[in-house]
Amino acid sequence: MNFSKTLASLAVASASLCGAAGYAVGQDNCPEVIKLGTTVSDSGAFSPLSAGWHEMIVAYAQKINDAGGVALSDCGSNASVELVVYDDQSNPATAVTLFEKMISEEGVDFLVGPDWSSLGLAVSSVAERHDIPVVMANVAAPNVYREGQTNVFGTPYPIVPLWSKRYFEMLETVEPKPTSIFFVVQDNPITNAISGFWTKQAEESSYSVVGTETFPSDLKDFTSIILKIRQAKPDIIYISSFDTASVPLVQQMRQLRVKAMDVHHVMLSGALANQVGEDVEGLSGEIGWINSIDNEESALAAEVMAEVGLDPFLSVFAIARYTPAVVMLQAIEMAGSVDRDKVRQMLRSATFEGPGGEIRFDHLGYPSETNGAFTIQIQDGNPEVVWPPELQTKPVAWPAPSWQ
Amino acid sequence: MNIPQNMISFGVAAVVSVLIACVPLFSSSYTVSLTMTLLLFFVLAQSWDWVGGELGYVNLSHFAFYGLGAYVFSIAYSNDLHPALSLFLAPIVTALIVSVISVPLFRLRGEYFAFATLALLPLFQILASNLKWLTKGSEGIILPAEQITETAFILMVALAFVTFVASTILVRSPFGLLIRSIRDDEEVAESIGVRILPRKIILMALSAAIAAIAGGIHGWYLSFIDPTTMFGLDVALVPIAMALLGGSALLWGPLVGVIVLVFMNQWLLTNISILHSAFYGLVILLVGRFLPGGLLRSQLLGKVKPLGFLTKEHHEHIVSAGTTIGGLSLSKREPDQDRVALECKNVTKRFGGNTALKDVSIRINEGEIVGLIGANGSGKTTLFNCISRILDLSEGAIVVYGDDIAHLRRDQIAHAGIGRSYQIPRSFERMTVRENITTALMASISPPDYANAKHEAARFAQYVGLADQVDVVVASLSPQKRKLLELARALATSPKILLVDEVASGLTSNEISEFVNHIRELRDVYGLTIIWVEHIFSALSQVVDRVVVLEQGSVIADGPLAEVLENENVQRSYFGAATGGEIEC
Amino acid sequence: MNSSIDLVTVAQLLINGTLLGGLYALIAFGLSVVYGVANILNFAHGTMLAIAAISGAVLYEKFGLPIPVILIILVSFGFVFGWIFYLTLLQPLEKREPHQRTVGMVLVAVGALIIMGDVTAVLAGAEQRVIRVSSTYFEIRGVIISGTQIGILVGAAVCMIALHIFLTRSWTGSSIRAVAQNTIGATICGIDSARTSATTFALGAGIVAVAGLMYIISYPLNPYSGFPLTVKAFSIILLGGIGNLTGTLLAGLALGIGEAVVAFTIGPQWAAAVSILIVLGCLLLFPGLTTSRREA
C-alpha cells in the first residue's frame, strides 16, 4: 500500500513537471517569420468591451503579410508576421500563465497587449523578467508604467492628462460661458484618474466645481445622484465613466428632466448611443481616433476595422488595441532586425506613426505627450467632430441641444 | 495517532514537495506558472474542505479569506513592513477577523449558513473599494516591481506541504473525529459532551489562515491586487467546485479535483478557440450529475486496484485497532441510595397550543431503575429531550445532582452525567460503530489516549453485542443494531444517569434477557441510575424498582410496577376501562 | 456635500426605491418558490435571468417583436427549459443521501451557470444590452414617474398575487405545497413528487423569464451579470422568509428603499452593502427566522 502510494505521488509530481522544455535558445535575428505573442479578453468580465478585437488584430497581421511583410534591412530580407493569440479570460493570473507559455514554449519574439490595467501590471512583470519588450494596449493606469522597467510600453487612447484637453480648449470659445461643473464619476481606476486630473485642471481654470459624486460600477438606480445634480444646477455635467456603466445614468437624467448647458461624457461611444437611443442627443464627448485623420496608418486601420465589421464609434477602445502591433512592427523595421536590444532602443527613442497621429514614449514607456482625444458631439443622432477646428465636421451646438 | 503510518505519509509528502520545489530549476517558466496555479488552488480547495467536507458547513466565502490575506499582506508590505512580517500578519489578522464574524455566523445552519457566507464576498469587495484610505479603493495596491517569482513559488510549495500535512493530522486526530461527529449530527454530538462552538471557530480560523497565507503569497507574485481580482465572484466558486469534483471529505479528493480541472482548463485555453468555459462547465456539471460524491467515489475508479488508496474514506485510513478482551472502562462503584440523582420539579413544556408535559414532578434517587411508561404521545420522549436539553422547559426546573440544568450547555449536561439513547436512533451515519463510540469517549472532560480509546470503544461495542460490526459504517446497520449502538455510545460517556429510550422492541426474548442483565449490571456494578422508556412490560418487570406512568403529559402513577398496574387510571389509559382486578404480566 | 432634504426629493427617492425594490422582489420570487418548495440551491438563478433578458433583447432588436409577444415566448421557453433541466439534471440527485445530493446540486448549478454564460456570450455576443421602450412620464408636484416603472411594479404585484392564488387554490399549486411540507405524505396521497418538483422548477424558470424581461427594460445586462443577482436574490428570500411570497415582496421593497436612502445620505458606493448588512443583521439578531421548516 505504501509502495503504490509512493508511486502515485511520484506520478502526480511528474504530471506537474510535464510540458517542460522549450527554452528560448538564443535568437535568430533574421527569421522568416516574426512571432508576436498576445492575449485578448475573449471571455470573462471584460469581454463585452473587447468584442471583435481578436479578429481585428489577426486581420491586421494578414494585411501586413499581403503587402509583403516587414522589411528587415540588416538582413536584406522581408519577414512575415505571425500573431499568437490566446484568451486570457479577463483574469491576470491566466494572462501571466499564457504569456509565460508563449515565451518559453512558442518562442515569440515580442509581446503586444494585453488590455486592462490589472492584466497589464501582471504581464509587465513577466516581460521585465524575460527582458522582452512589450507594447501593451488598453492599459491606461499610469502606475503600471513603473520606474526601473525598461521593456514596458503602452498605447492607451486617450491618456488621462490629455483626455479633455481639447474639450476645455473648446469651452474657452463658446457663448454663453459656462462657470460651474458637476463631476459624476464611476469608481474605477481610469475614470477616477480622469476626474481627479480634470477636476484640478477645471479649478485652475477658474471653473467652480459644485459637486463630485462617485458611483460603483454596477449601480443601476441613479436617483440620489441626479437629485443632487438638480439641486446644484451646474452649467456642465461631466460624466467620467465607461459607456456601459453610465447607460442607466443618462436614461434616468432624461427621465428626471436634468438641464444643463452641456452634458459631457468622457467615453461617449456607439455602444452608449445604441443602448440609450435618442436620449444621447446633444451629449458631448471624447474619442481617441476618428477615421478622417489624414495618414496612411489611419487609412489602413479604417480598412481593417471595416473588414472585420468593427465600427470605431461603437468600439471606442479598439484603436488602442490595434496600435501596439503597428508600433512594434515599425520599431522592428527601424531596428532593421528582431534583435531585442535594438528594437528596445527604437521603442525608447523613436517617433512612430499611429492611426491617431504621432506616438512617442517617455522614459516610463507611457505616451505622455501624444495620445490625445478629439471632442465630439451628437447632433441629429450622429457623432460630429467639433474640436479641433481643423478637423471639425460640424461646429459645436452650444448650449447643447435637447438639454435645455 | 499511529506514528509510523504518519511518518511514511509525511515523508512521501516531503519528497514530493521537494521535487516540485525544484521545478523552476529545470523547466520553463510556463511550467512554473502552471504549477503555481495548481498549488494555489490545491491550498484553497484543501483548506476549504476542512470546513466544507469535514465539518459539513458549506462555506462559500472561502475565497474572500484569500483576498483578505492578500490585502493584509499588501497593505503591510506597501507600508514598508518586511515581506516576511507582512506574510506573517496576513493569516493572523485574517484568522482574528474570521473568528469574530464566525461566532454569529455559526448560529446559522445548512443552506442559511451557505447563503450568509456567499454574501460576504460582495461585502468584502465593497469594503475594499470604499475604504480608500486603507485599501486604495478600486485602484488597487501596486507592489514594487521585483523578481520574486522563485521565492513566491517555494513559499507556495511549502504552504501546500503544510496544508497537506495538516489535513492528514486533522483527519487522524481526535479533533477531526469530533469535527466529523458535529457534521453528522450536531445536536447529538453536543449531547454526548462535545463542546461545539469553540471547535467550529478554531477550524474555521485555521482554514481561513491557510487561505490568507495563500492570498499573501499570490498577491506578492502578481504584484498587484484590486477588489475585483481578489473578491470577484467569477473565480470564487472554482476551488469549491474542485474539492467537490475530486471528492469532499477524502484525503486525496481536493488534490485530484484541482489537478483535473487546472490541466483541463489549460488544455481548453490553448487548444479550443471558443466555448472553453462552456466545456469546463460541462465537465463540472457531468461529474455533479453522474458521479455522486466526486470522481474518487466513482465505482469505476474503485475497480482500479493500484489507485485504491486514493478512494479510501477516512475511517478506512485509520488502521483497525482490533478488539481486546476486557471489561468496560466505566468506574465501578456502589450507588448511594439516599442521594437524589434527578429531580423534575413541576416541569411543563408547551409547543404552541399543545402542552406536551404538564406539571411533571418526579424524584429519582441514585441507583434506582425507573421505568417510564405511557401511551404513544404521552410525553416520554419529550421528557427525555427536556432532561438532555434538546428542548427548553416552558415552566419548572430539572435538577441533576443538585444543579439546575437550565444554566448548563448541552455538552455540560453530558459531563454532569446524563447519557441517553434516542428512540429513533441518531447515530453518526458516516462513521463506523467504533468511531461513534470513540467520539463519546474523546468528548469527555479528561479523554483517554486516542489509541486506547479505540480499543475501549470496541469493548463497549462487544458489551452490547456489536463486536462483529465494530468497523462497519453505521449507515449500513439495521435499526435494531443502531439502537444497541445508541446504548453503547451513551455508556461511553460515563454517565451517572442513563436514559434508555425503547431499546427492546425488535429483540428476541433471549436478547431481551441479556439486555435486562446488562441493565442490572450497570446499576449493581457501576452504580448507574437508569430511566427506561419501554412498551414491553415483560422486559421492564424483570428489573425495574418502580414505574412512572405518563398520560397526555401528566404523571398519573408513580410506584412499584405491580401497584401501578392496579391503578384505575393506568388501566383506563391502557385498556380503556378499569379492570377492577389484578393484572399479571 | 450640501444636499437639502425637501419633500420632492424624498418622494422621488422613495418612489424610485420602491420601483427598484419591486423588481428585486420579482427576481427573488422564482428562487423563493424553487428553494422553498423543491429545496434546490439554484446558483444558476441569476444567470438564467440574464439569459432570458438577453434573449428578450435580441428578439426585440432583431425581430422587432412587441413586448407582450416576447413575454409569452420567454415564459413558455423558460418553463419548458426548467422542466427539462430539472428532470434530466436535478431529479436524479434526489435519490442520493443528503450530503451527496448537496454536492451534486452545487456542481450541477455551478456547471450550468458557466455553460449558460459562455454559450450566450458566443451566440448573442458578450456586450451589454438593454430594451428601450418609449414611455410616457407623469409629473406629480415635481415628482416624476414613468409609465414603464409603474407597469413593472404592477406586474410584480400581479405576479405575486397570481402565484399566491395558484399555490393556494389550484390543484397543482396545492400539490406543490404538499410536496414541500411532506414529500412522503404527499406521495402516499397519490401526488407524483417528481413531476410536482419539475413543475415547481419550471414555474420558477418561468417567473425568472418574466423578471429578466422586466429587468432589461429598466436596466442593462450582459451575459456575465447573472451571479451577483443570484446573491442579491438569496439575500432577499433569506430576509423575507424562504417560501414566503409576501415576505419576499416586502423584503425586496425594503431593500430597494434602503438602498435609495443610503445612496442619498451616505453615498452610492455603500448602497449595495445595505442589502448584505440588513440580511446578515437580521439573520444574526433574529435567529428565529432561520428555524428550518423541515424539522429533523
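The values are calculated or read from the model by the stated rules, or taken from the named source; none is laboratory data. Because the structure is a prediction, the values reported are computed rather than measured. Every residue, glycine as well, gets a Cβ built from its backbone with ideal geometry; the counts of neighbours run over all protein chains shown.
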Residue by residue through segment A:183-205, note down the ones that are more than 14 Å from chain B (Cβ to nearest Cβ) and not in a helix (DSSP H, G or I).
A:PHE183, A:VAL184, A:SER205
Pairs only if they're at least six apart or on different chains, beta carbon under 7 angstrom, first in segment C:53-67 and at negative phi, second of a type outside the set (A, V, I, L, M) and buried (at least 22 other Cβ atoms within 10 Å of the Cβ); list them, first residue then second.
C:ALA53/C:GLY212; C:ALA53/C:TYR215; C:ILE54/C:THR120; C:ILE54/C:ARG129; C:ILE54/C:PRO223; C:GLY56/C:GLY212; C:ALA57/C:ARG129
For residues in segment C:106-116 being at the interface with another protein chain (Cβ under 7 Å from one of its Cβ atoms) and farther than 13 Å from B:SER248 by Cα, which is surrounded by the fewest Cβ atoms within 10 Å (Cβ to Cβ)?
C:ILE115
Looking only at segment C:117-174, how many residues end up being within 14 Å of chain B (Cβ to nearest Cβ) and not hydrophobic (A, V, I, L, M, F, W, C)?
4
Yes or no: segment A:291-299 includes at least one residue that is assigned by TED's automatic domain parsing to the domain that holds A:GLN62, crowded, with 20+ Cβ neighbours inside 10 Å and touching a Phe, Trp or Tyr at 6+ places or on another chain (Cβ under 8 Å).
yes
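I need a count of the residues in segment A:32-58 that are in a helix (DSSP H, G or I), crowded, with 20+ Cβ neighbours inside 10 Å and away from chain C (no Cβ under 13 Å).
2
Just name the residue that is farthest from the chain's Cα centre (by Cα) out of those in segment B:23-43 that are modelled with pLDDT under 85 and more than 8 Å from chain A (Cβ to nearest Cβ). Quick ask: steps written out before the conclusion?
Of the residues in segment B:23-43, the ones modelled with pLDDT under 85 are B:23-29.
Still in the list and also more than 8 Å from chain A (Cβ to nearest Cβ): B:24-25.
Details: B:PRO24: 41, B:LEU25: 43 Å.
Filtering segment B:23-43 for residues that are modelled with pLDDT under 85 and more than 8 Å from chain A (Cβ to nearest Cβ), the one farthest from the chain's Cα centre (by Cα) comes out as B:LEU25.
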Checked B:LEU441, B:LEU383, B:LEU372 against criteria (within 24 Å of B:HIS535 (Cβ to Cβ) and either touching a Pro at 6+ places or on another chain (Cβ under 8 Å) or not in a helix (DSSP H, G or I) (or both)); the one match is B:LEU372
When segment C:184-201 is checked residue by residue, the ones that are surrounded by fewer than 19 Cβ atoms within 10 Å (Cβ to Cβ) and in contact (Cβ under 8 Å) with a residue 60 or more places away in the chain are C:ALA194
Give A:VAL70, A:VAL108, A:VAL112 a once-over and let me know the one that is touching a residue at least 24 places away in the same chain (Cβ under 8 Å), under 19 Å from A:ALA335 (Cβ atoms), of a type outside the set (Lys, Arg) and within 14 Å of another protein chain (Cβ to nearest Cβ).
A:VAL108
Out of B:PRO254, B:PRO198, B:PRO239, I need the residue that is more than 10 Å from every other protein chain (Cβ to nearest Cβ) and without any contact (Cβ under 8 Å) to a residue 12 or more places away in the chain. Which one?
B:PRO198
Segments classed as strands (runs of 3 or more DSSP E), wholly inside segment A:80-175, with at least 3 members that are closer than 23 Å to A:GLU286 by Cβ:
none
Select from segment A:213-227 the residues that are in a loop (DSSP other than H, G, I, E, B) and facing another protein chain (nearest Cβ under 7 Å) and list them in ascending order.
A:PRO216, A:ASP218, A:LEU219, A:LYS220, A:ASP221
Please go through segment A:245-266 and pick out each residue that is under 21 Å from the mean Cα position of the chain (by Cα), over 26 Å from C:VAL261 (Cβ atoms) and in contact (Cβ under 8 Å) with a residue 60 or more places away in the chain.
A:HIS264, A:VAL266
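Could you list, in sequence order, all residues of segment A:273-306 that are within 14 Å of chain C (Cβ to nearest Cβ) and without any contact (Cβ under 8 Å) to a residue 24 or more places away in the chain? Give the derivation first.
Residues of segment A:273-306 that are within 14 Å of chain C (Cβ to nearest Cβ), as a first pass: A:273-281.
Once the filter is applied, which keeps residues that are within 14 Å of chain C (Cβ to nearest Cβ) and without any contact (Cβ under 8 Å) to a residue 24 or more places away in the chain, segment A:273-306 yields only A:GLY277.
Output the helices (runs of 4 or more DSSP H) that fall wholly within segment B:141-209 and possess 1 or more residues being within 22 Å of B:ALA443 (Cβ to Cβ) and in the same structural domain as B:GLU486 (by TED's automatic domain parsing), or say none.
On the way: elements: B:149-172, B:174-184, B:186-191.
Result: empty, no element qualifies.
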I'm trying to understand the selection: among the residues of segment B:58-96, which are polar (S, T, N, Q), surrounded by fewer than 24 Cβ atoms within 10 Å (Cβ to Cβ) and part of a helix (DSSP H, G or I)?
B:SER78, B:SER86
Only one of these conditions is not met by C:LEU123: (1) in contact with a Ser or Thr (Cβ under 6 Å, 6 or more places away or on another chain); (2) farther than 26 Å from C:ILE236 by Cα. Which number is it?
(1)
When segment C:211-249 is examined, which residues are found to be on the phi < 0 side of the Ramachandran plot and either in a loop (DSSP other than H, G, I, E, B) or without any contact (Cβ under 8 Å) to a residue 12 or more places away in the chain (or both)?
C:TYR219, C:PRO220, C:ASN222, C:PRO223, C:TYR224, C:SER225, C:ILE242, C:ASN244, C:GLY247
What are the residues in segment B:505-558 that are under 35 Å from the mean Cα position of the chain (by Cα), surrounded by 20 or more Cβ atoms within 10 Å (Cβ to Cβ) and assigned to a loop (DSSP other than H, G, I, E, B), if any?
B:TYR526, B:LEU528, B:GLU534, B:GLY553
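Show me the strands (runs of 3 or more DSSP E) found entirely inside segment A:308-402 where at least 2 residues are touching a Ser or Thr at 6+ places or on another chain (Cβ under 6 Å). Write out each step before concluding.
Working: elements: A:352-354, A:357-359, A:374-379, A:382-387.
Once the strands (runs of 3 or more DSSP E) in segment A:308-402 are filtered for at least 2 residues that are touching a Ser or Thr at 6+ places or on another chain (Cβ under 6 Å), what remains is A:357-359, A:382-387.
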Tell me, which residue of segment B:470-487 that is under 19 Å from the mean Cα position of the chain (by Cα), among the aliphatic types (A, V, I, L, M) and part of a helix (DSSP H, G or I) is farthest from the other protein chains (Cβ to nearest Cβ)?
B:LEU485
Is it the case that some residue within segment A:356-370 is surrounded by 17 or more Cβ atoms within 10 Å (Cβ to Cβ), over 18 Å from the mean Cα position of the chain (by Cα) and modelled with pLDDT of 90 or more?
no
Pick out the one residue from C:ILE15, C:ILE27, C:ILE67, C:ILE54 that is within 23 Å of C:MET214 (Cα to Cα), at pLDDT below 90, more than 10 Å from chain B (Cβ to nearest Cβ) and buried (at least 24 other Cβ atoms within 10 Å of the Cβ).
C:ILE27
